[in-house]
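A short write-up of the structure that comes next.
The values are calculated or read from the model by the stated rules, or taken from the named source; none is laboratory data. Nothing here was measured: the structure is a model prediction, and the numbers come from that model. Counting neighbours? That spans all protein chains shown, and the Cβs are built from the backbone with ideal geometry, glycine included.
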Amino acid sequence: MLSGPSQAQQLGLAQSPILTIESNRLFTESAFGRRVAREVEADSAVLSAENRRIEAELIEEERELTRRRPEMEADTFRVLADAFDVKVQSIRHDQDEKARALNQKQEASRVMFFNTARPILENLMREAGAAVILERSTVFLSANISDVTDLAIARIDGALGDGPETLPGAEDE
């Protein structure tokens, strides 16, 4: 096995005490990140369709209640209207919880990804003789050779692929 500068140069990795990375791109362009995005998009579409269906049902229920109002005693109508309001608030709360769970799943997946990527990034640092990897967006000026995002994506994809069969938060579904 090669070591030191010659190994890093053979791998297309410049010797540099400082490397940069675009962490958002690292996640979103990795196989794992693309899988998470597809799953979150699919889950969001299901939730949106469910929200539209529920909204249509509630609109119809409200219209029916309004239509029946003239034939009811005021107290009876008030009880039914209050019950409808409680139902709407409960449904809104439930749907908001589902949206929060979806966001938590996405965030947990990012955390899992970066925890898994950490040893790969540390290895890149060792190979380049780097002491630090900085977020590229916070660096005012650098040579593009210090950016290891593409190489890191390739290595992470090789080690992790599109991730574990079950993503964090999926067990709650």
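Looking at region 91-127, which of its residues are of a type in the set (Asp, Glu) and either free of Cβ contacts under 8 Å to residues at least 24 places away in the same chain or more than 28 Å from Ile18 (Cα to Cα) (or both)? Before the answer, list the steps.
Our first condition is that a residue be of a type in the set (Asp, Glu); within region 91-127, this holds for 94, 96-97, 107, 122, 127.
Passing the criteria: Asp94, Asp96, Glu97, Glu107, Glu122.
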Exercise. Gln15 passes all but one of (1) part of a helix (DSSP H, G or I); (2) loosely packed, with under 15 Cβ neighbours inside 10 Å; (3) among the polar types (S, T, N, Q); which number fails?
Worked result: (1)
Exercise. Is it fair to say Thr116 is touching a helix residue (DSSP H, G or I) at 6+ places or on another chain (Cβ under 6 Å) and not aliphatic (A, V, I, L, M)?
Worked result: yes
For this session: Please go through region 109-132 and pick out each residue that is aliphatic (A, V, I, L, M), surrounded by 15 or more Cβ atoms within 10 Å (Cβ to Cβ) and closer than 15 Å to Leu160 by Cβ.
Result: Met112, Ala117, Ile120, Leu121, Leu124
Problem set entry | Test: Ser48 is loosely packed, with under 13 Cβ neighbours inside 10 Å, closer than 30 Å to Gly33 by Cβ and of a type in the set (Gly, Ala, Ser) | yes
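Can you find even one residue in region 43-51 that is charged (D, E, K, R) and closer than 30 Å to Thr149 by Cβ? First the steps, then the outcome.
Step one: list which residues in region 43-51 are charged (D, E, K, R), which gives 43, 50.
Retained after the next criterion (residues that are closer than 30 Å to Thr149 by Cβ): 43.
So far as region 43-51 goes, yes, one or more of its residues are charged (D, E, K, R) and closer than 30 Å to Thr149 by Cβ.
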For this session: Residue by residue through region 144-170, note down the ones that are farther than 25 Å from Glu39 by Cα and without any contact (Cβ under 8 Å) to a residue 24 or more places away in the chain.
Result: Asn144
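So, in region 88-142, of the ones that are out of contact with any strand residue (DSSP E or B) (no Cβ under 8 Å at 6 or more places or on another chain) and assigned to a loop (DSSP other than H, G, I, E, B), which residue ends up modelled with the highest pLDDT?
Quick first cut of region 88-142, residues out of contact with any strand residue (DSSP E or B) (no Cβ under 8 Å at 6 or more places or on another chain) only: 88-120, 122-123, 126-127, 129, 137-138, 140-141.
Now narrow it down to the ones that are assigned to a loop (DSSP other than H, G, I, E, B): 129, 140-141.
Working: Gly129: 93, Phe140: 82, Leu141: 82.
Residue satisfying both the conditions and the ranking: Gly129.
Could you tell me whether region 124-134 includes any residue that is closer than 29 Å to Glu41 by Cα and either small (Gly, Ala, Ser) or within 20 Å of the chain's Cα centre (by Cα) (or both)?
Just the residues of region 124-134 that are closer than 29 Å to Glu41 by Cα, to begin with: none.
So far as region 124-134 goes, no, none of its residues is closer than 29 Å to Glu41 by Cα and either small (Gly, Ala, Ser) or within 20 Å of the chain's Cα centre (by Cα) (or both).
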Exercise. Within region 150-168, which residues are part of a helix (DSSP H, G or I), among the small types (Gly, Ala, Ser) and buried (at least 18 other Cβ atoms within 10 Å of the Cβ)?
Worked result: Ala152
